[in-house]
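The values are calculated or read from the model by the stated rules, or taken from the named source; none is laboratory data. Note that this is a predicted model, so its numbers are computed, not measured. Please note: Cβ atoms are built from the backbone with ideal geometry, for glycine as well, and neighbour counts cover all protein chains shown. Quick note on the areas: whole protein, heavy atoms, side chains included, nothing else; ligands and nucleic acids left out. Shrake-Rupley method; radii C 1.70, N 1.55, O 1.52, S 1.80 Å.
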Amino acid sequence: MRILSALVMALAIAAPAAAETVLVRDGRVVTNGAAGTIENGDVLIVDGRISAVGANLTAPRGARIVEAQGRYVTPGAFAAMSEIGLSEISGSGAPNDANISGDLIAAAADAGRAFDPGVTAIAVTRMEGVTRAAIAPSSTETMFVGRGALVSLDGGDDSVFRSQAFMVVELGEVGARRTGGSRAAVWPAFEAALRDAREYPGRYRSGQGGAVLNELDAAALQPFARGQGLFLVHIESAADIRRLIRFKRVNPSLRFAIHGGAEAWQVADELARANIPVIVDPLSNLPDRFERLSARLDNAAILDRAGVTVAIAPAPGSVDAHQARLVLQLAGNAVANGMEWDAAFAAVSRTPAEIFGVGAQIGRLERNYTGDLVIWDGDPLQVTSAPDVVFIEGVEQPMVSRQTLLRDRYHPSRRNVQ
């Protein structure tokens, strides 16, 4: 009987219910939009999208009513950088599709093609209130890491809702190490790669030679080199950030966002003027290498006050396949170090969606936005709080994971159950 119950629960993880008309009533509704936070507010979801937000909404006939009872009601969290779905056990000899070795494939690597919506970390992360994520591979040989994708954590076969959404490139210490050991080589190599991509396929078909990219990588890089996609740049130091700002000034059609930016606070005003977003880790405060000598805990707060678009995620080198659920804890640490609560919550929900180009559909509780909604038992940025209810596209998600199944099976109270 116990095995049968576990099987039924496991099937529930893989097959959530269909979308329905739902009225979430009487909550502390964090809209992430112009309406701000609505006390005693309601949210109506119809056909997977938000139909109305406000106070004292009338439920349509046949609608299911969910009583929030004054609890926080928020958009789902968006993990701005993760490897979730790319490996099951990243620290073992098991396959890890996040890691790419060799130099045959670099820019052409495509995280969306490797994403597995059935890995156990998906359900674990979803239960923590994270409904969307940006994922990318991790190359170890070249300055180009590969193309990232945007994914839903609903566990469905169509979970990748935007493939090839951004290109990850190393332009700091790591990039220097991979291109001859010096920053003197990084930028010429980057510029040459952009040239090859823009000229693809001409140079390759004519047999001119002299290309720094192979044909696969040149083809993959081309839309980004032509300003049709986002470069997510791994840099940390203020000097590297200033080089990027100057490069963008000369190449205004290219789009950049920074991941890392431990010293970004030193050039906050310049970043705001250049309109370059920064994805920061509020716990990066140690000078563990020379490009992070000026790291500080209030980096996110300083950037936000300067008008920089700030998202929150683990720092480069700390991203893995199992800890995307910690983005809300990171945002709480940003608040503890001076960031406004609304800005910190936006940095793990609305702002990542905007950075990756889906801010018109995801990250707010407003009419016509996707019905990703979470009801919390407390402040979502407190580590003692947890979701009570999670909706993705208007579908209530099962609050069951492999961890909860193991807990229930082996809990001391069940030892004598046959």
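Within the stretch 350-369, is even one residue over 21 Å from the mean Cα position of the chain (by Cα) and open to solvent by 20 Å² or more (accessible area, probe 1.4 Å)?
yes
Only one of the numbered conditions (1) open to solvent by 50 Å² or more (accessible area, probe 1.4 Å); (2) at pLDDT 95 or above; (3) among the β-branched types (Val, Ile, Thr) is not met by residue 105, and that is (2). Remark: pairs (first residue in the stretch 378-407, closer than 21 Å to residue 363 by Cβ; second residue basic (Lys, Arg) and open to solvent by less than 20 Å² (accessible area, probe 1.4 Å); Cβ separation under 8 Å; 6+ apart in sequence or on different chains) = 390/126; 392/126; 397/126. With respect to the conditions (1) touching a residue at least 24 places away in the same chain (Cβ under 8 Å); (2) part of a loop (DSSP other than H, G, I, E, B), residue 89 falls short on a single one, namely (1). Number of residues in the stretch 145-160 that are in contact (Cβ under 8 Å) with a residue 60 or more places away in the chain, assigned to a strand (DSSP E or B) and open to solvent by 10 Å² or more (accessible area, probe 1.4 Å) equals 1.
If the condition is being part of a strand (DSSP E or B), closer than 23 Å to residue 347 by Cβ and open to solvent by 20 Å² or more (accessible area, probe 1.4 Å), then the stretch 52-86 contributes 53, 72. Only a single item in (1) over 20 Å from residue 105 (Cα atoms); (2) in contact with a Leu (Cβ under 8 Å, 6 or more places away or on another chain) is not met by residue 193, and it is number (1). Evaluation of residue 12 against the conditions (1) closer than 26 Å to residue 327 by Cβ; (2) open to solvent by 50 Å² or more (accessible area, probe 1.4 Å); (3) modelled with pLDDT under 95; (4) more than 22 Å from the chain's Cα centre (by Cα) shows that the sole unmet condition is (2).
Which of the residues belonging to the stretch 86-139 are farther than 24 Å from residue 257 by Cβ and of a type in the set (S, T, N, Q)?
Once the filter is applied, which keeps residues that are farther than 24 Å from residue 257 by Cβ and of a type in the set (S, T, N, Q), the stretch 86-139 yields 87, 90, 92, 96, 101, 120.
Results for (1) in contact with a Ser or Thr (Cβ under 6 Å, 6 or more places away or on another chain); (2) within 29 Å of residue 121 (Cβ to Cβ), shown as yes or no for each residue.
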| residue | (1), (2) |
| --- | --- |
| 284 | no, yes |
| 292 | no, yes |
| 308 | no, no |
| 311 | yes, yes |
| 314 | no, yes |
| 323 | no, yes |
| 328 | no, yes |
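Specify which of the listed residues (279, 312, 302) is farther than 30 Å from residue 97 by Cβ and either surrounded by 18 or more Cβ atoms within 10 Å (Cβ to Cβ) or touching a residue at least 24 places away in the same chain (Cβ under 8 Å) (or both).
Residue meeting the stated conditions: 302.
Residue check: is residue 338 within 15 Å of the chain's Cα centre (by Cα), among the small types (Gly, Ala, Ser) and not in a helix (DSSP H, G or I)? So residue 338 does not fit the description; no.
From the list 307, 317, 260, the one residue that fits, being within 16 Å of residue 355 (Cβ to Cβ) and open to solvent by 40 Å² or more (accessible area, probe 1.4 Å), is 307. Total residues in the stretch 238-266 satisfying the condition of being within 22 Å of residue 82 (Cα to Cα) and either among the polar types (S, T, N, Q) or in a helix (DSSP H, G or I) (or both): the figure is 1. Scanning the stretch 168-200 for residues that are outside any helix (DSSP H, G or I) and open to solvent by 40 Å² or more (accessible area, probe 1.4 Å) yields 180, 181, 182, 200. The residues on offer are 271, 286, 297, and the sole one that is at pLDDT 95 or above, over 24 Å from residue 396 (Cα atoms) and assigned to a loop (DSSP other than H, G, I, E, B) is 297. Screening the candidates 19, 35 for the property of being on the phi < 0 side of the Ramachandran plot, at pLDDT 95 or above, surrounded by 11 or more Cβ atoms within 10 Å (Cβ to Cβ) and in a loop (DSSP other than H, G, I, E, B) yields one hit, 35. Residue count for the stretch 201-237, restricted to those that are assigned to a helix (DSSP H, G or I), among the aliphatic types (A, V, I, L, M) and crowded, with 20+ Cβ neighbours inside 10 Å: 4. Reported count of residues in the stretch 98-143, each being outside any loop (DSSP other than H, G, I, E, B) and under 29 Å from residue 393 (Cα atoms), is 18.
Filtering the stretch 85-105 for residues that are under 16 Å from the mean Cα position of the chain (by Cα) and closer than 16 Å to residue 402 by Cβ leaves a non-empty set.
Return yes or no: is residue 352 in a helix (DSSP H, G or I) and either within 12 Å of residue 279 (Cα to Cα) or among the small types (Gly, Ala, Ser) (or both)? Spelling it out, residue 352 is indeed in a helix (DSSP H, G or I) and either within 12 Å of residue 279 (Cα to Cα) or among the small types (Gly, Ala, Ser) (or both).
So is residue 326 in contact with a Pro (Cβ under 9 Å, 6 or more places away or on another chain), closer than 25 Å to residue 138 by Cα and open to solvent by 50 Å² or more (accessible area, probe 1.4 Å) or not? Against the criterion (in contact with a Pro (Cβ under 9 Å, 6 or more places away or on another chain), closer than 25 Å to residue 138 by Cα and open to solvent by 50 Å² or more (accessible area, probe 1.4 Å)), residue 326 qualifies.
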